[in-house]
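The values are calculated or read from the model by the stated rules, or taken from the named source; none is laboratory data. Note that the structure is a prediction, hence the values are computed from the model and not measured. Quick reminder, even Gly has a Cβ in these numbers, built from the backbone with ideal geometry, and neighbours come from all protein chains shown. We work out accessible area using only protein heavy atoms, side chains counted, and drop any ligands, DNA or RNA first. Shrake-Rupley method; radii C 1.70, N 1.55, O 1.52, S 1.80 Å.
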Amino acid sequence: MTLSSGSPPRAVERVLTALGADSEFSDTIVGDLAEEFVLRARWDGVTAARRWYCRECVRVAPYLLRDWWRGRRLLDAPHVIKAVAVSSLLVYGLEKMVARALAPAVLAWWRVVGQSPAYLGSMLCWTMLDGLLLGYLVARIGRRAPVVGTLAATGWWLTFWVGMNLLGGWRFDGSMGQLWYRALNPLMLCSGIMLGGLWRVARRAPSSS
Amino acid sequence: MTNATLGALELTILLAVARLGEDAYGLSVRRDVSGRTGRDYSVGAIYTTLERLEAKGFVISRTTDPTPTRGGRSRRQFKVTAAGQRAIRQAERVARSVWDGVSTGPKPEPA
């Protein structure tokens, strides 16, 4: 047993309060978790208490999201849609600009390496960067419900990607034919969006306006 | 008088609130219920059920002053209402009636 009490991870607390639930409901739950964290930190040590806290946060998140869905979804929906649309357009525009600027170099490189793992790996990293930027922007623009916005963006892009692949109409380069690449690309994009959004939320408290 | 019915978890939590009296809030209710049922309920499940009980008129809640151990947040304490007490008595009557005449098997012989 250690006597150090510590405090709950603030970043995780911020993510919980940013899930969009009614502030009284989320404050009560986060307060209870904080109170138990202090007790567990005294009994079991800070590391075990932090592990418990993160596990409890995962268990409690669906209830907070459900509270948002019941109470504020109609109020926040326009903001979430606006955040996803504006962020997607910004990232798409930026990507077009960068792609146009780098096109000759990328094409020359592609002629050399073809569809090698190095090329496909770099494309996956590019997709991940896209996702990170997109998630960050969604959470920043949709400050009223940043986590919901991030989840909505993830859902929208996943649906879009799967739909385009099923239709088989989106082949911007020859690498789209490789199954592992086609499976990993949406995964990288969605992970990027979630990480980017959560990173933004964990650094800043949500806006109450 | 409310005619709302009680689910199994709702009844368990209502009984915990009645048992804990003045000390009934999310964390203590969760400890009590988890300790007695042997199931580890999340604090979200407890509060969702407590809110449902409050909407049915079986409990009322009030917030206390913020405390430093809760990161400056208030505690939400619950209390059983008269309708809640009636619902508990009704549930007890139903349980007795349902169990009436049922044998739970022979008692174990003393060693």
Restricting the range A:51-65 to residues that are loosely packed, with under 14 Cβ neighbours inside 10 Å and more than 10 Å from chain B (Cβ to nearest Cβ), the one farthest from residue A:21 (Cα to Cα) turns out to be A:51
From the option list A:20, A:6, A:93, single residue qualifying as modelled with pLDDT under 90 and either among the aromatic types (Phe, Trp, Tyr) or touching an Asp or Glu at 6+ places or on another chain (Cβ under 9 Å) (or both) is A:20
Exercise for the section: Kindly indicate whether residue B:72 is more than 13 Å from the chain's Cα centre (by Cα) and touching a residue at least 24 places away in the same chain (Cβ under 8 Å). Expected result: no
- Message: Please determine whether any residue of the range A:105-124 is among the hydrophobic types (A, V, I, L, M, F, W, C), modelled with pLDDT of 85 or more and within 22 Å of residue A:197 (Cα to Cα).
- Response: yes
By residue number, the members of the range B:25-66 that are more than 10 Å from chain A (Cβ to nearest Cβ) and small (Gly, Ala, Ser) are B:34, B:35, B:38, B:55, B:57
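For residues in the range A:37-50 being more than 10 Å from chain B (Cβ to nearest Cβ) and touching a residue at least 24 places away in the same chain (Cβ under 8 Å), which is surrounded by the fewest Cβ atoms within 10 Å (Cβ to Cβ)?
Filtering the range A:37-50 for residues more than 10 Å from chain B (Cβ to nearest Cβ) gives A:40-50.
With the extra rule that they be touching a residue at least 24 places away in the same chain (Cβ under 8 Å), the set shrinks to A:41-46, A:49-50.
On the way: A:41: 23, A:42: 16, A:43: 11, A:44: 14, A:45: 16, A:46: 17, A:49: 24, A:50: 18.
The residue in question is A:43.
When you scan the range A:137-155, how many residues do you find that are among the β-branched types (Val, Ile, Thr) and closer than 15 Å to residue A:189 by Cα?
If we filter the range A:137-155 for residues that are among the β-branched types (Val, Ile, Thr), which is where we start, we get A:138, A:141, A:147-148, A:150, A:154.
Those still in the list that are closer than 15 Å to residue A:189 by Cα too: A:138, A:150, A:154.
So the answer is 3.
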Matching residues in the range A:15-36 (more than 7 Å from every other protein chain (Cβ to nearest Cβ), in contact with a helix residue (DSSP H, G or I) (Cβ under 9 Å, 6 or more places away or on another chain) and open to solvent by 50 Å² or more (accessible area, probe 1.4 Å)) number 2
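How about the range A:76-87: which of its residues are of a type in the set (A, V, I, L, M, F, W, C) and in contact (Cβ under 8 Å) with a residue 12 or more places away in the chain? Show your work before the answer.
Within the range A:76-87, the first condition is being of a type in the set (A, V, I, L, M, F, W, C), and the residues that meet it are A:77, A:80-81, A:83-86.
Matches in the range A:76-87: A:80, A:81, A:83, A:84, A:86.
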